[in-house]
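Structure first, then comments.
Read-outs throughout are calculated quantities, based only on the coordinates presented, and are distinct from any laboratory measurement. In this text the structure is predicted, and so the values were computed from the model without any measurement. Methodologically, a virtual Cβ is constructed for each residue, glycine included, from the backbone with ideal geometry; neighbour enumeration extends over all protein chains shown.
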Amino acid sequence: MSDSGVVSEGDTYAKSETSGKSMDQARAMYEGAYNGDTFTTDTTDEAFAYRYTSTGNADMTLRSSMFLGSIEGSIQPQDEYVVAWLTGGEGAMDLGPDEVAFDLGKPRVFPTGKRFTFEFSDYRQNLVHFRAEFLEKVAAEHEGALPGPIHFEHSVTPDEDALARWKQTITSVAKTVLGSEPAPLLQAEVNRLAAVAMLDTFAHRTTGFDPVLLAPRNARLREAVEYIHANARLPISAADVAKAVDLSPRGLQQAFSRQLGTTPTEYIRAVRLEHVYAELLNLDPDVNTVAEVARRWGFTHLSRFAGAYAEKYGEHPSDTLRR
Amino acid sequence: MPRHPSQPHQLPAPAEGAGTMLTDDWADFYDAIPDDLVFECTADTRAGREGVCVFQNRVELDSPTSEHPSVLELEKITGWAIIPGDDGTAEVAVCGDQERRARIAAGFAGALTVALNEVLPEKQLTHLSD
């Protein structure tokens, strides 16, 4: 759910709720707010009611969801990472061969970057939503990874020691965030604590550095590479990169050529191509097109894009989308 | 006075030996849902409360610029409309003796439309007069 119901902008702390007692309302609310479609709902033995609450700021929100009926559908997470656990009821996500059932009180991470199906019944759930860019930045600092998408292994169950640490941290974070509005510095600190706890608890993959970039003499080049990965979705150029790391355009060109065997412009294009590949792998071919993903990543000349893509990945982008 | 006065809440201390199971329900940090509530979508920020509550006999609109909600009885409402914004929000306009407005996140406009159609059928306006 990318939308917390919060109208406020930026880093403003907000506490919001949406609730009601009509099934039609609930279906519209969850579809609209979860970027979902074709939700089906039904009543159960309980009197129907739903409630969705959210507290926090743009980087992290602590949420609760109650739905006293049955609901199933598919959702496409966008620009966020989510941990959730049931405090009542039952449910499962990623239905099919990789299905993950929720055990009461045991946190699970939502599948990342792909549309997935779910079913829940008479449930109460707590969720922690992290803004993708925020968690990726914390991962880069905490793990020395390149800023970029994190792939969580949602079917891997964390071990008991990790879960104990998660519980301790998230209980403390909840005390700070849910009780009353924390000071901005405290809010930033608990957001970071929770983000590190998520990274330490749930199995995931990030992108590491080329070993050549770890040499102290290549510190500037490493900065340039980090800058490119962190800003690949923006309209950056080689000149922007050079300026960001305080090198001349020619100096940057030489460093890329000598150490990485490429040019800054080609490197930017390669990083964007990786993002396209990752998105195509996870998107639904019935809903998305190669052209829209390519354009989103700055590839306006589609036949040239398809050629570069096929050369790098050995298949046509539409074949990746259909996989 | 706020409609649902916020009360300071305390999370219970974890029970000894509770293990790794997470049992707190974060909804407990919010007030109970009123019996006559049909739909609520509100947000509290430092600037104030913003949003809309639909009850069985009235609609309440909150805006950060006003300390108290605007309360409109259903029988005096002549029409309503939801106007999509271009910043991820939508505005609900309710017309009675005068027009009142409130903002909500765009993702909740669909649910609010359903709720207002439940209590104010056939009063949805396709356009608003100036």
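Some notes on this structure:
- Per the Debye calculation on segment B:34-119 with a single equal scatterer at every Cα and no solvent contribution, log₁₀ I(q)/I(0) for q = 0.25 Å⁻¹ amounts to -1.40.
- B:R101-A:E141 pseudo-label distance in nm [points 7 Å out on the Cα-to-Cβ vector]: 3.9 nm
- Sum of side-chain charges, A:R124 neighbourhood, beta-carbon under 13 Å (Lys, Arg +1; Asp, Glu -1): -4
- Paramagnetic reach from A:D45 (point 7 Å along Cα→Cβ, amide N under 17 Å) across segment A:109-133: A:121-124
- Averaged over B:98-108, number of beta-carbon atoms from partner chains that fall within 10 Å: 4
- Over the Cα atoms of segment A:211-322, the radius of gyration divided by the Kirkwood radius equals 1.03; this is the Rg/Rh ratio.
- Estimated distance in nm for a label pair at B:H127 and A:K312, the labels positioned 7 Å out from Cα along Cα-to-Cβ: 4.9 nm
- On full extension, the segment bounded by A:R250 and A:E189 gains 18.0 nm, given 0.36 nm per residue less the C-alpha separation.
- Value at 222 nm in deg cm²/dmol, rounded to 500, when DSSP H runs of n ≥ 4 in chain A each add -39,500 (n - 2.57): -13500 deg cm²/dmol
- Residue mean of other protein chain beta carbons inside 10 Å, B:45-56: 3
- 3J(HN,Hα) from dihedral phi, segment A:42-59, Karplus parametrisation 6.51/-1.76/1.60, rounded to Hz, x for glycine, proline: 8, 7, 10, 5, 6, 5, 6, 7, 9, 7, 10, 10, 8, 9, x, 10, 4, 6
- The ranking of A:R250, A:R296 by Cβ neighbour count inside 10 Å, starting from the fewest, reads A:R250, A:R296.
- Solvent-free Debye scattering, log10 I(q)/I(0), computed from the Cα coordinates of segment A:90-231 at q = 0.14, 0.21 Å⁻¹: -0.79, -1.33
- Eigen-decomposition of the gyration tensor built on the alpha-carbon atoms of chain A gives equivalent ellipsoid semi-axes of 38, 24, 17 angstrom, largest listed first.
- Net length available on complete extension from A:R217 to A:A164 is 14.9 nm, with 0.36 nm assigned per residue and the Cα-Cα distance removed.
- Label-point separation, B:A47 to A:F209 (7 Å along Cα→Cβ), nm: 4.1 nm
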